[in-house]
1. Calculate, in nm to one decimal, what HIS401 and GLU339 gain on full extension: separation in residues at 0.36 nm each, minus their alpha carbon distance.
2. State the extension gain, in nm to one decimal, for the chain segment bounded by ALA278 and VAL31, taking 0.36 nm per residue of separation less the distance between their alpha-carbons.
3. R0 = 30 Å: FRET efficiency of ASP440 with SER158, Cβ-based, nearest 0.05?
4. When all protein chains stay in place, what accessible area (Å², nearest 10, 1.4 Å probe) is found for ASP225?
5. Enumerate the calculated ³J(HN,Hα) couplings along region 406-412 in order (Karplus 6.51 cos²θ - 1.76 cosθ + 1.60, θ = phi - 60°), each rounded to whole Hz, writing x wherever the residue is Gly or Pro.
6. At 1.4 Å probe radius, can you tell me the per residue accessible area of region 423-474 in Å²?
7. Report the calculated FRET efficiency for ARG507 and HIS40 (r = Cβ-Cβ distance, R0 = 51 Å), to the nearest 0.05.
8. How many percent of the accessible area of region 273-395 is carbon or sulfur, using a 1.4 Å probe?
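The values are calculated or read from the model by the stated rules, or taken from the named source; none is laboratory data. Bear in mind that the values here come from a model prediction, so they are computed numbers and not experimental data. When we count neighbours, we look across all protein chains shown, and the Cβ atoms used for this are built from the backbone with ideal geometry, even at glycine. Only protein heavy atoms, including side chains, enter the accessible area calculation; ligands, DNA and RNA are left aside. Shrake-Rupley method; radii C 1.70, N 1.55, O 1.52, S 1.80 Å.
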Amino acid sequence: MSRNSSVASDLHGEDVIVTPFAQVLASLRTVRSNVAALAHLQGRGVAKQACVGNTPSGSQPPPPTEDTGQKLALETLDELDWCLDQLETLQARHSVGEMASNKFKWMLNRELTHLSEASRSGNQVSEYISRTFLDKQTEVELPRVTPTEPPRPMSQISGLRGLHHSTSLSAATVPRFGVQTDQEGQLAKELEDTKKWGLDVFKVAELSGNRPLTAIMFSIFQERDLLKTFRIPADTLATYLLTLEGHYHNDVAYHNSLHAADVTQSTHVLLATPALEAVFTDLEVLAAIFASAIHDVDHPGVSNQFLINTNSELALMYNDTSMLENHHLAVGFKLLQAENCDIFQNLTTKQRLSLRRMVIDMVLATDMSKHMNILADLKTMVETKKVTSLGVLLLDNYSDHIQVLQSLVHCADLSNPTKPLPLYRQWTDRIMAEFFQQGDRERESGLDISPMCDKHTASVEKSQVGFIDYIAHPLWETWADLVHPDAQDLLDTLEDNREWYQSKIPRSPVDPTSSKPGGPDRFQFQLTLHEAEEEEGEEEVALGGEASESPDTELLYPEASPDPGPLYLDSQRTVGKPCVDHEGNVMAETLGT
C-alpha cells in the first residue's frame, strides 16, 4: 500500500499506515525482507555450485563477485537489523533531537562523576555544570523570604526606568557611533574592523564613555547597511540603543552591557563566516543581532534558580520557567515603545511578526539549562550532513534556520574561552565575582550556597577547565564541524586557554605507596559499546538491579579520574548491540576525536 494513501480510505484497516515514523519503519522492514530473500537465493546458488562433484579440473572457481555479494547482503541485513532495533525501542513522543539530547546528558553525567569524586572543588564544578547546563532540578528546604519591595500589578514589566540621556537627538546631531565622546578618533580605530574575533570590548567601553553596546551595535548596523535596508532613522537607532544600554546594570559584574556588546559583536562575526555566506536573509541577520543585544537586559546578577528559591516576582510571573530570558525579552521589546525608540517602525507587519518570533526563539535558547538540547540538535544536523554526503549546509525551512541561529547566538554567549587569553581572564574574573556576590546573598538569607558561588571554597582554575572540557569544547567542536574549516583558529585558542588554566591548578602530591598510577593530564573519553554494556551491568548489580528513575539527570559513581578531559561527542557505531535505557534511548557509543 502506498504511504500516501488517504487517511479516510479505511481508518480501521490493519494495513493503513499514515504516520511518518511508522511508514519509515514499515518501509525498512520491507527492504530488509527483500534483501533477506535476495541473500537467501544467492546463497542457495553458491551452495549448489560448490556441491557439484564433476567439475572439470581445469575449470575456474566461482567468480568472487558472488561471495562478495553474499557478504554485502549479510552486512546490509546487520545494518537493517540495528536500525530496526533502534526504531522499535523508541518512544513515540521522542523527537530526534530529544533522543540525542538524552544520550548526551547521560554521557556528560557519567563523566561528571569522575570529576565529582576527584576532590571537593571538583565536586563543586560538577554540581555547577549539572545544575546549570543539564536543567537538573534540586529540591531544597527554603527559608521564608520577606519581599523587600511592595507588590506591583503582575501585568507590569519590572525594571523599566526613565531615560538617562538627552532625547533631543536628531538625524543631524547623531554622533558617528551613536555616543558622545571626545575620543571618537581612537574609538573609530578600535571599531574599524568589527568582524575581528577578539575585539577588545573593554577598550571600546573606555573610549565610548562606558557605552560599548551602543557604539558596537551602531557600528554593526552601519557596516551591514541595516539602516538603509530597513529604513531605520539614525536618531531612532541611537536613542533606542542608549535606552537599552541604560537598562543594563553597571553594578552587575558580568551580565552587563559589556557582555551584551561582546555577544553582539561575536554574533556579527559568526554570521560572516564563509560557510554561512548567503544562508540567512537580511531580516534573520537583523533578528540575530537584535536578540544578542537584548539577551541579558536588566539582568539582576543572580541565576534563575536563585529567583525560584527566593520566591521572586519573576519566578511567579513566568512559572519558574526561563524567568530571566522571558524578562529580557519583555524589557527589550517594551523599550521599543519609548519615545523615538521604535527601530522597526518601517517594517511590514509580516516582517515585524517574523522578527519577533525569531528573537523570542533565540533569546529563550540562551537559557543555559537548554544547552544540551541545543548541542544535541546541532550535532544531529552536523552528522546528518555527513551521512547524506552532501557536504553543504542546506536549510530548507524555518526550523532549520532558527536552529542554526539559536546555536550561533548560544556559541556567542559562550565564546569567552575562545577569545585571546587576556580578554578571557577578565571575563573569568567578572563571572566569578558575580557568582560570589550571589553566594554572599544566599549566605545572608540562610539559603544553601549554589555551586561555584562560595568564595571560600570555589576553585576558579578548576571551574574553567571543567567548563571548557564539558560545555565549551563539545559545543565549539560541533560548531566547527558545521562550518568547517572556518572555526579552527577558535578551537586552537580554546585549547590553549584550557591548558593555561590547567597549568594553574595546584598539583596534589603523589603518594609513593599508592598502587594506583598517576592520572594523565588530559583524560580522553573513549567508550566502546562492549565496555558500556559491561559497566552498565556492574552498576545495576551495585544498585541491586534497580534502574534509575532519571538516567539523564541522576549521577552514577564509577571510578574517579584526577583530570577528566574534554567530552567528545563525535560518535560512530561499532559491532555489537548498543546500550538502551528504559525509555529506549541509545545510551553510549564509541566516542573519539
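1. Details: separation 62, 0.36 × 62 = 22.32 nm, distance 3.30 nm.
Separation in residues times 0.36 nm, less the Cα-Cα distance, equals 19.0 nm.
2. Values: separation 247, 0.36 × 247 = 88.92 nm, distance 3.90 nm.
Fully extending the segment from ALA278 to VAL31 adds 85.0 nm.
3. Details: r = 23 Å, r/R0 = 0.76.
Using R0 = 30 Å, I get an efficiency of 0.85.
4. Near enough 80 Å² of accessible area.
5. With the stated coefficients, region 406-412 comes to 4, 5, 5, 5, 5, 4, 4 Hz.
6. Each residue of region 423-474 exposes 38 Å² on average to a 1.4 Å probe.
7. Details: r = 63 Å, r/R0 = 1.24.
Efficiency computed from Cβ-Cβ geometry: 0.20.
8. Working: 2590 of 4900 Å².
Carbon and sulfur: 53 percent of the exposed surface of region 273-395.
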